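To start, the structure itself, in structure tokens.
The values are calculated or read from the model by the stated rules, or taken from the named source; none is laboratory data. No experiment lies behind these values; they were computed from the predicted model shown. Glycine gets a Cβ as well: all are built from the backbone with ideal geometry, and neighbour counts include every protein chain shown. Ligands, DNA and RNA are excluded from the accessible area calculation, which covers all protein heavy atoms including side chains. Shrake-Rupley method; radii C 1.70, N 1.55, O 1.52, S 1.80 Å.
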Amino acid sequence: PNFLPQTSTSVPKIGLVYCFFESTLQFNGNTGVQRVARQTARAMANAGVKVVATTWDTEKGSIEPLLPKEINHLSKWSGPSPEQWHPWVPPSEAPVNSWLMSNEMPPRLGPGVNRQLLEFAKLNELKTAVTFFDAIPYIFPDLYPAGSAELHYSYMEQLARWDLIFPISMQSAKDMFDLLPES
């Protein structure tokens, strides 16, 4: 037999990426969070990744496809054009190596959203990725409403349960590693 070393550096093929949106759907502005959420989805779609636009349905306890008006809203400010989104595929039918990605800090869903998203992803055998923006509400609590620092720290603690974390900057990565206990 011929035992040649493996020289392949290919990355496993990505299935679908279910891109979670919440605050970007309700906000009619273009803050940093909205830019990152939109432009990350667009960059993935431009790279040939099959990106599916989703949000959380509290009643069903699952991610659900966006409405056409929400898809159009995401196309603003250099977001993906409506035709760049992959058609809805129920997560239970997603191909191998599919992902659930959150590029937002979803305030409307409260502190348990990461837990709910992660449980849903595990149930549907999806890998998980999250964008970490910053620790500013925790570092500068006087700039935010009472209770925001604790809520933000709880959100940060939950990050360790995601498969991949994408900090938006070296400072964000440093803050995350400096503030969170080792696990």
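Considered as a group, the residues in the stretch 159-183 that are polar (S, T, N, Q) and within 11 Å of Ala135 (Cα to Cα) include one that is most open to solvent (accessible area, probe 1.4 Å), and that residue is Gln171. Checking every residue in the stretch 78-97 against the condition of being among the small types (Gly, Ala, Ser), buried (at least 18 other Cβ atoms within 10 Å of the Cβ), touching a strand residue (DSSP E or B) at 6+ places or on another chain (Cβ under 9 Å) and modelled with pLDDT under 95 gives zero matches.
A single entry from Val52, Val17 fulfils the requirement of being more than 18 Å from Leu164 (Cα to Cα), modelled with pLDDT of 90 or more and open to solvent by less than 20 Å² (accessible area, probe 1.4 Å): Val52.
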